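The values are calculated or read from the model by the stated rules, or taken from the named source; none is laboratory data. Here the structure is a predicted model, which means the values were calculated and not measured. Cβ: placed from backbone, ideal geometry, glycine included. Neighbour counts: every protein chain shown.
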């Protein structure tokens with residue numbers, strides 16, 4: 001066993017050596033939220049371990065809320081985005097040829113949350129309530145309307161949707177009673193709890209079983225930058241495997257690569273505890289069993305078809321977009337061309353400096 005870990009360490013060091021000598025292309029990727037959070041751990045790990053440089057790319061995350069993030073891809077300002085499904089379905093129904101080529105979050109990260117002591121117990125109880133979102137262009141805003149409609153409410157008249165910011169700002173608005181509920185996502189809910197407000201998720205019915213964000217690109221980009229798209233997703237897949245195997249190491253690597261993600265004004269133990277809570281909220285949705293797939297990034301056509309039905313039924317899209325127009329698994333075999341066991345061993349053997 002010692003020999004095996006020694007082999008892993010040597011492989012890592014030899015691979016990392018000389019990375020600066022390799023020409024790297026900066027690849028801008030839309031991070032579909034206003035700020036980079038602990039959920040970016042797989043990217044940070046891929047950078048730190050040298051997997052991206054080894055494939056000749058340097059990843060730059062570009063924060064932008066939901067639909068704005070997708071617009072950056074459509075207008076070719078950036079080539080890729082870690083995008084929610086809903087904005088893709090909207091632009092696809094308008095004729096934009098783009099697809100998710102790697103599903104990152106096999107479980108649904110979105111949903112409606114309320115303070116633990118709230119009298120709101122089901123979606124129908126949101127009538128005449130104010131729901132806070134990260135931004136009006138966020139997926140949370142789209143989903144709040146769809147979920148309200150699915151509960152028999154009129155989203156134009158029965159609910160109010162307002163911008164509530166993130167983390168501590170959101171928590172303050174909940175404490176003051178200026179908002180009654182949230183339509184954000186898993187890591188944001190963890191940040192709100194870190195700020196002292198305990199939350200409770202309402203049942204979202206079938207939505208809870210749908211996939212969430214994945215790497216999105218124009219079909220043209222997937223044709224002309226095939227190898228680059230594979231390198232981006234493969235590095236992320238490796239980072240995901242590492243993160244699931246050793247989340248504490250992943251958080252410390254994240255702090256090194258993205259120092260702005262480290263909690264401020266608290267001691268090391270508290271920062272780590274808060275970081276772990278936020279990361280664990282996302283880890284549950286990274287696991288393959290959430291969608292019943294067997295390969296990293298694989299998209300379940302059945303799950304996407306069911307989600308497309310939901311979006312059309314409750315007004316997110318005017319028509320149902322076929323699942324095969326939302327996703328492609330054409331790159332998945334090449335993306336998964338690495339040893340998962342070696343990555344797990346490397347993660348477990350990793351020691352932070």
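Tabulated data
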read-out: Residue in the range 47-67 that is part of a helix (DSSP H, G or I) and closer than 16 Å to residue 218 by Cα present; value: yes
read-out: Residue in the range 217-236 that is closer than 21 Å to residue 278 by Cα and assigned by TED's automatic domain parsing to the domain that holds residue 279 present; value: yes
read-out: Filtered residues of the range 337-353 (kept if assigned to a loop (DSSP other than H, G, I, E, B) and either over 21 Å from residue 294 (Cα atoms) or touching a strand residue (DSSP E or B) at 6+ places or on another chain (Cβ under 9 Å) (or both)); value: 350, 351, 352, 353
read-out: Tally of residues being more than 16 Å from the chain's Cα centre (by Cα) and not in a loop (DSSP other than H, G, I, E, B) across the range 100-132; value: 12
read-out: Hey, residue 197 in a loop (DSSP other than H, G, I, E, B) and either in the same structural domain as residue 261 (by TED's automatic domain parsing) or in contact with a strand residue (DSSP E or B) (Cβ under 9 Å, 6 or more places away or on another chain) (or both) or not; value: yes
read-out: Filter result for residue 100 (assigned by TED's automatic domain parsing to the domain that holds residue 332, farther than 16 Å from residue 201 by Cα and at pLDDT 95 or above); value: yes
read-out: Failed item, numbered, when residue 136 is tested on (1) modelled with pLDDT of 95 or more; (2) surrounded by fewer than 18 Cβ atoms within 10 Å (Cβ to Cβ); (3) assigned to a loop (DSSP other than H, G, I, E, B); (4) within 22 Å of the chain's Cα centre (by Cα); value: (1)
read-out: Residues (more than 17 Å from residue 287 (Cα to Cα) and surrounded by 19 or more Cβ atoms within 10 Å (Cβ to Cβ)) located in the range 174-192; value: 174, 179, 180, 181, 182, 183, 184, 188, 189, 190, 191, 192
